[in-house]
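Notes for the one structure printed next.
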Amino acid sequence: MAKPGFWDDPETARKTVARLQSLKAVVEPVGSLLERSDDARTALELLDEEDDHATRDELHRVLDELANDLDRVELLSLLSGPNDARDCYFHIQAGTGGADAQDWAEMMMRMYLRFFERHGFSAEQLSAKDGEEAGIQSVDLVVRGPYAYGLLSCEMGVHRMERISPFNAQRKRQTSFAAVNVEPEIDDIQINIDWDKDVREDTYRASGKGGQHVNKTSSAVRLTHNPTGVAVQCQNERSQHKNRSIARKMLASRLFQMEEAKRNAELAKAYSEKGQIGWGYRIRTYTLQPYQLVKDERTGHKNPNVQAVLDGDLQAFIDAELRRRLARRSRD
């Protein structure tokens, strides 16, 4: 980064900075852990020389901080997959439940944006489709930050919401669903795609909020992979060429992820059953009525503070899933 002309190529520079951030995400917590262990050793030596309450309390405080830091470093060590350190594409799709499901999808988008903000991730919206009555039908984001894919892959699956429906005149309880899909952003992806024969391209005018150029020209691009039926779209950029380029990267990443899923029975199940986005492979239930509780169906982790979770307090659920994966890996 100190070399002259480093910023002459912004895209290459961005990748280098992202790589630096990923390395710091590993090195700095370990460095902090070593510093705190030195503090604990010093406090222990002082305690041997003079056993007083203040020194003992300080030692307990340092040891508690050490335990928390060690737990975080151990969790980071679980993110050792070939794509875990990469940025990712993050997709939310409303499922069964009509207007409630579309409203739930928008609530989920807000929840994850709050989570991204807490963790210093940046999120850029690539495309979105508004709901017919409320909320959104779908949204595509690209999320950038240290270990974005490794952490957010823990959120992939169907999310179920139970509440009194604000769209029901009788105030009945409604169950609605929305799904999260995550793919790593891979520039040098190795997958064969015949862009001329196997991919259909459609252009259209971008909908929703945007500048005048975005909404008045057919700059948005939708790509459909005919053999699999997988479709992606991008409408964020003013240039059709840029939207096409981003959409191609999204499609390649999604097809690559599907190939990877075939080698992983659990992810394969998620892909096959998630198509309905209903009662199939749900990973988490958010209950607002008749009681309040968020429960992860995979790990059993619970949080009765639903509002905190909807405000982005998701780290404990992600940590529990990482530990479950570690335990499963140990059994295998």
Discussion item. I'd like to verify a number: residues in region 29-86 that are under 32 Å from the mean Cα position of the chain (by Cα) and not in a helix (DSSP H, G or I), how many?
Written reply: 9
Worksheet item: Since residue 96 meets every condition but one in (1) under 18 Å from residue 144 (Cβ atoms); (2) polar (S, T, N, Q); (3) assigned by TED's automatic domain parsing to the domain that holds residue 175, which condition does it not meet?
Response: (1)
Fill in: Which listed residue is touching a Leu at 6+ places or on another chain (Cβ under 7 Å) and in contact (Cβ under 8 Å) with a residue 60 or more places away in the chain, from 59, 75, 47, 70
75
Practice prompt. Tell me which residues, restricted to region 130-162, are out of contact with any Asp or Glu (no Cβ under 8 Å at 6 or more places or on another chain) and modelled with pLDDT under 90.
Written response: 132, 133, 146
Worksheet entry | Count of region 183-192 residues which are surrounded by fewer than 23 Cβ atoms within 10 Å (Cβ to Cβ) and either modelled with pLDDT of 75 or more or in a strand (DSSP E or B) (or both) | 3
Practice prompt. Please enumerate the residues belonging to region 90-104 that are in contact (Cβ under 8 Å) with a residue 60 or more places away in the chain and either assigned to a loop (DSSP other than H, G, I, E, B) or more than 14 Å from residue 157 (Cβ to Cβ) (or both).
Written response: 94, 95, 96, 97, 98, 99, 100, 101, 103, 104
Fill in: Scan of region 24-49 for residues that are modelled with pLDDT of 80 or more, of a type in the set (A, V, I, L, M) and within 27 Å of residue 76 (Cα to Cα), ordered by number
27, 30, 33, 34, 40
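The values are calculated or read from the model by the stated rules, or taken from the named source; none is laboratory data. Quick caveat, the model's predicted, so the values are computed rather than measured. Positions of Cβ are backbone-derived with ideal geometry, glycine not excepted, and every protein chain shown enters the neighbour counts.
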